[in-house]
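Here's the structure we're looking at; comments come further down.
The values are calculated or read from the model by the stated rules, or taken from the named source; none is laboratory data. Being a predicted model, the structure only gives us computed values, none of them experimental. No Cβ is skipped: glycine too gets one built from the backbone with ideal geometry, and neighbour counts run over all protein chains shown.
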Amino acid sequence: MTRSGRSDFMGAPLSFLLAWGLPTAVIVATNFLGAVIPLGGIVAIVAGAFVWMGIACLLNARQCGRRHCYFSGPILLVGAVAVVLFGLDILPPGPQALNLISLATIVLVALTFVPEAIWGRYVQRKPPNEAG
């Protein structure tokens, strides 16, 4: 069974905006809200946005077999865990630590498009009766 872009959430503008565009904008906005929102609030917002996007990626991978989403979903969830660990002072604090965690997560997610360029956008799956 071949998966296609018909069920790819990334291909529909509204679902793309809600699943990835809005959370990304919220993460960027937190850089300008540091004086208004306490650090704990910013940590919760950034971690929540990463979880939102990670779950959206995993759902999209399951729905349509988008190769990028198989990698980016777990990366985003690990990024959320790293943000929470920073917020709990388990990861070393620093003036730019949260920004570095966010940047590293986003760069790693961007790199997940490389496998699509090499092996194609969608994972080819066999129907359950052919698996073996």
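Quick notes on this structure:
- Picking from residues in segment 1-50 that are of a type in the set (S, T, N, Q) and within 23 Å of Arg125 (Cβ to Cβ), the one that is modelled with the highest pLDDT is Ser15.
- If you go through segment 83-100 and keep only what is under 28 Å from Ser15 (Cα atoms), surrounded by fewer than 21 Cβ atoms within 10 Å (Cβ to Cβ) and either touching a helix residue (DSSP H, G or I) at 6+ places or on another chain (Cβ under 6 Å) or among the β-branched types (Val, Ile, Thr) (or both), you end up with just Val84.
- Failed criterion for Gln63 (all others in (1) touching a residue at least 40 places away in the same chain (Cβ under 8 Å); (2) crowded, with 18+ Cβ neighbours inside 10 Å; (3) touching a Ser or Thr at 6+ places or on another chain (Cβ under 6 Å) hold): (2)
- A single entry from Ala97, Ala80 fulfils the requirement of being over 18 Å from Cys57 (Cβ atoms) and touching a Phe, Trp or Tyr at 6+ places or on another chain (Cβ under 6 Å): Ala97.
- Check on Met10, assigned to a helix (DSSP H, G or I), in contact with a strand residue (DSSP E or B) (Cβ under 7 Å, 6 or more places away or on another chain) and not hydroxyl-bearing (Ser, Thr, Tyr): yes
- Boolean, Cys57 is in a helix (DSSP H, G or I), touching a Gly at 6+ places or on another chain (Cβ under 7 Å) and under 28 Å from Phe86 (Cα atoms): yes
- The residue that is surrounded by the most Cβ atoms within 10 Å (Cβ to Cβ), among those in segment 107-132 that are in contact (Cβ under 8 Å) with a residue 24 or more places away in the chain and outside any loop (DSSP other than H, G, I, E, B), is Val109.
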